[in-house]
Structures are given as structure tokens and as C-alpha cells.
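The values are calculated or read from the model by the stated rules, or taken from the named source; none is laboratory data. None of the values given here were measured: they were computed from a predicted structure. FYI the Cβ positions are ideal-geometry reconstructions off the backbone, even for glycines, and counts take in every protein chain you see. Just so you know, the surface numbers come from the protein's heavy atoms only, side chains and all, with ligands and any DNA or RNA stripped out. Shrake-Rupley method; radii C 1.70, N 1.55, O 1.52, S 1.80 Å.
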Amino acid sequence: MSDSLGKRINRNISGRKHDFFAITAPGLEILCQKELQLIPSFGGQSAIVQGGINFSGRLYECYLANLYLRTATRVLMRIETLAATNFKVLSKKLSVFPWELYLFPDCVPLINVSVNHCRLYHKDAVISHFEESIGKRLSLFRNHMETPEIRPLQRIFVRGLDDHFVVSIDSSGDLLYKRGIKKLGGIAPVRETLAAAILMLAGYTGNEPLLDPMSGSGSFAIEGSLIAQNIPPGWFRSFAFTGWPGFKQSQFDHIRKIAKEMLNTKVLHHIFALDKSPRSCSALTQMRDSSPFLSNIHVMEKDFFDLNIHEITDKPGLVAINPPYGKRMGSRSESRLMIREIMKKLKADFRGWKFSVIVPQRSDILHASSGWRFHSIFHGGMNLELVTGKI
């Protein structure tokens with residue numbers, strides 16, 4: 001990399017603050033903002049907006065957000081806002097945009113475009129203009145920059161609204177629910193970001209037993225293990241920002257060093273993952289055995305309704321349930337009956353336990369106690385309810 005280009009990158013990218021956007025699933029914005037505020041050494045400002053969190057900071061804060069946020073789906077860095085009502089204007093503005101500050105010369109990023117109330121409504125044409133401008137601009141710097149051996153895929157997001165186009169670069173890469181742990185999923189599994197949110201809403205701290213009695217692929221059990229050991233959700237995965245010209249490996253290594261010092265591997269309370277499917281239990285057992293940090297998860301092939309909780313623990317904790325519903329269950333009446341049987345089992349055998357149960361709608365819960373709370377969530381393409389409380 002030439003000295004002049006390196007100085008420009010340090011001055012314009014590494015050396016100043018930027019605006020970022022942490023995307024969340026609907027309803028998780030407040031949780032995500034609280035997470036941001038609790039990240040060690042996070043110094044940015046944040047605000048809740050529809051669909052996520054706006055926050056400002058240096059690249060350091062971007063690294064932190066990707067590594068630590070359990071409920072975010074993706075973290076974007078805002079890089080430009082363009083006003084254009086025709087392609088001639090768009091091309092002219094893109095021709096002078098300094099893509100070399102954000103992308104290496106041989107990078108061919110994926111361009112994602114969405115438009116609403118724009119005269120430039122043809123998304124493929126907008127994509128074509130961005131691809132052409134990036135290719136032309138980066139060709140000027142192919143002899144001035146060394147491309148790293150490891151090149152994460154880069155994505156550019158363009159959101160057009162009322163003839164203004166907000167341009168962002170994705171810092172995450174794969175969606176953040178992909179922790180780098182699971183290899184296979186179950187039937188309608190709870191995404192890790194939602195599983196973490198549900199545990200948070202139910203008050204799980206990692207200082208009590210956790211029961212995942214219809215575990216499937218084990219999302220609750222795995223997220224609970226990460227929380228209990230204070231392991232950042234991004235600890236086992238890579239990120240797109242490591243392929244940016246402005247990325248500082250030493251800075252990211254320092255962040256990981258601090259995170260490692262805060263790990264808590266002496267977990268006192270166990271996590272129990274139950275499922276009546278031998279295949280699900282076998283897959284979860286194999287994953288646990290191949291990941292030392294999951295050793296506190298006990299996998300049991302057992303039907304929840306046959307479980308005597310006192311045979312495995314005498315200490316109350318949290319029971320988190322993602323029961324079958326919708327197409328997995330069958331008819332609406334069958335689903336309602338299942339939910340009511342679950343609540344009957346909890347009231348009979350889990351006195352003193354906290355609980356969280358995903359239900360199709362709150363009317364499925366009969367005789368809810370005053371301390372129970374309902375939260376609207378979106379899972380599996382359905383608008384659902386999460387009920388949390390204490391038995």
C-alpha cells in the first residue's frame with residue numbers, strides 16, 4: 001500500500017468516528033441497546049430506531065459490537081448518502097467516491113439494493129451502476145495495495161428512500177446468529193439471536209440451572225452455556241471487517257485478549273438439554289463432545305412430560321421451552337392442547353422455577369398469574385408470543 005493511500009485510510013477510516021447500524025429482529029431493539037451499553041470499553045453513543053440501533057464510534061466500537069452482541073443480526077457501517085433522481089447524476093457522484101478506502105483492489109462485493117419512493121426504482125440498474133463505479137475506481141489502485149491472503153466476502157447495502165440512497169458496508173459477514181458452533185439445525189430451530197433474547201427476557205444470568213426440555217438443535221442450551229461462561233457470541237467465528245483496508249489486527253487482538261481474561265470456565269450450575277428424538281440427542285451430544293466449552297450441557301433422551309426434575313437438580317432455575325406449533329404440531333386445537341399440558345406440567349413440578357414458553361398467541365395461556373409477562377416475537381415466519389414468569 002502506498003504511503004499516501006495508507007495515510008488517507010488512517011485519517012478517514014481508522015482515525016475518525018463513523019455511524020453504524022446494528023440490525024435486530026423486530027422487538028429486540030431495547031435488548032440490543034442494553035447490550036451495547038454493557039460491552040466492556042464501549043464508548044459510542046446509541047439510539048433505538050425501527051429495525052435496530054444507530055450508534056457512533058470508531059472501528060474499535062464496530063469490532064466490539066460484532067464480537068459481543070448476542071441479539072444483533074448484522075452490523076453495518078454507513079459510508080455515504082447520495083441524492084439522485086436519474087442515473088446520470090448517480091453515475092457522476094459514484095465516479096468520485098473513494099471505494100479504495102473500504103475495499104481492496106481485487107474485491108468484487110455483493111451489492112444489495114432496496115428502493116422505496118425513488119425515481120430510480122430499477123434495482124438491477126442501480127446495482128449495475130455501483131458495480132461499474134467500484135470496478136473502475138479500484139482498478140486505479142491495483143498497483144498500490146497488497147491484497148490480503150484471506151479475503152472475506154464484502155457486501156454493500158444500498159437503501160433508497162425518496163430519491164436518497166444510504167450506502168453501507170457490512171462489517172459482519174455471515175449473519176451474527178451463526179456463532180460458528182452449530183453444523184446442523186433441527187426442525188424450525190430458534191435462531192441463536194432469538195434464543196439469547198428469550199433467555200435475557202426470562203432473567204437468565206448463568207448463575208442457576210437451565211433446562212431446555214424440547215431442545216431440538218439445542219439453541220437455548222448452547223446460548224445458556226455461552227452466557228454462563230461469559231463467552232462472547234462471536235468468539236468462534238470470523239467477520240467481514242477483517243478484510244477491510246482499515247482493519248487493525250493488533251486492535252482486534254487486544255479486544256479478544258480482554259474478552260479472554262473475562263471468561264468464566266468454572267461454571268457451578270449445569271444445563272440440561274432434553275429431547276425425545278434420538279437423532280436430535282445424538283447430534284447435540286456429538287457437538288458437545290467436540291466443543292470443550294459445552295461440557296456443562298447434559299443431554300438426555302427423554303420426554304419432558306415424563307421428567308422428574310428433582311432427579312436431576314434440587315435447585316430452581318430457568319426452564320426455556322420452544323414447543324411444536326403451526327405445521328410442526330398439526331391443527332390449531334392440537335397446538336393449544338400441547339401448550340396447556342406444558343403449563344400444567346410446569347405448575348405441578350416446577351414450583352420456584354422461572355420459565356419462558358413460546359406460544360402462538362397469548363389466549364393459549366389460561367389463568368396467567370399477575371407477574372407473568374407477554375412479549376411479541378417473530379419466529380419461523382410467524383408472529384408469536386413469548387410468556388415469561390415464575391411458577
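Some values worked out for this structure:
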quantity: Among residues of region 340-368, those that are under 26 Å from the mean Cα position of the chain (by Cα), in a loop (DSSP other than H, G, I, E, B) and of a type in the set (G, A, S), counted; calculated: 0
quantity: Residue match in region 266-289 (condition: within 22 Å of the chain's Cα centre (by Cα) and open to solvent by 20 Å² or more (accessible area, probe 1.4 Å)); calculated: yes
quantity: Pairs with Cβ under 9 Å, 6+ apart, first in region 257-278 and in contact (Cβ under 8 Å) with a residue 24 or more places away in the chain, second open to solvent by 100 Å² or more (accessible area, probe 1.4 Å) and in a loop (DSSP other than H, G, I, E, B); calculated: L268/N207; H269/N207
quantity: Every pair of residues 6+ apart whose Cβ atoms lie under 6 Å, when the first sits in region 198-212 and is in contact (Cβ under 8 Å) with a residue 60 or more places away in the chain while the second is β-branched (V, I, T) and assigned to a loop (DSSP other than H, G, I, E, B); calculated: P209/T313
quantity: Hits in region 193-249 (condition: out of contact with any Gly (no Cβ under 9 Å at 6 or more places or on another chain) and acidic (D, E)); calculated: E223
quantity: Close pairs (7 angstrom Cβ cut-off, 6 or more residues apart or separate chains): within 18 Å of K93 (Cα to Cα) in region 111-129, assigned to a loop (DSSP other than H, G, I, E, B) and open to solvent by less than 30 Å² (accessible area, probe 1.4 Å) anywhere; calculated: C118/D163; R119/D163; L120/A84; V126/L120
quantity: Selection from region 180-198 of residues that are under 14 Å from the mean Cα position of the chain (by Cα) and either hydrophobic (A, V, I, L, M, F, W, C) or at pLDDT 95 or above (or both); calculated: I181, V190, E192, T193, L194, A195, A196, A197, I198
quantity: Qualifying positions in region 205-245 - out of contact with any Pro (no Cβ under 7 Å at 6 or more places or on another chain) and not in a loop (DSSP other than H, G, I, E, B); calculated: L210, L211, D212, F220, A221, I222, E223, G224, S225, I227, A228, F241
quantity: So L82, is it surrounded by fewer than 20 Cβ atoms within 10 Å (Cβ to Cβ) and under 26 Å from Y177 (Cβ atoms); calculated: no
quantity: Residue list for region 63-74, restricted to those being out of contact with any Phe, Trp or Tyr (no Cβ under 6 Å at 6 or more places or on another chain) and open to solvent by less than 10 Å² (accessible area, probe 1.4 Å); calculated: A65, L67, L69, T71, A72
quantity: Residue among A47, A22 that is of a type in the set (G, A, S), part of a strand (DSSP E or B) and crowded, with 17+ Cβ neighbours inside 10 Å; calculated: A22
quantity: Residues within region 1-46 that are within 18 Å of the chain's Cα centre (by Cα) and aliphatic (A, V, I, L, M), tallied; calculated: 9
quantity: Close pairs (7 angstrom Cβ cut-off, 6 or more residues apart or separate chains): within 25 Å of I9 (Cα to Cα) and part of a strand (DSSP E or B) in region 67-86, open to solvent by 10 Å² or more (accessible area, probe 1.4 Å) and of a type in the set (K, R) anywhere; calculated: L82/K93
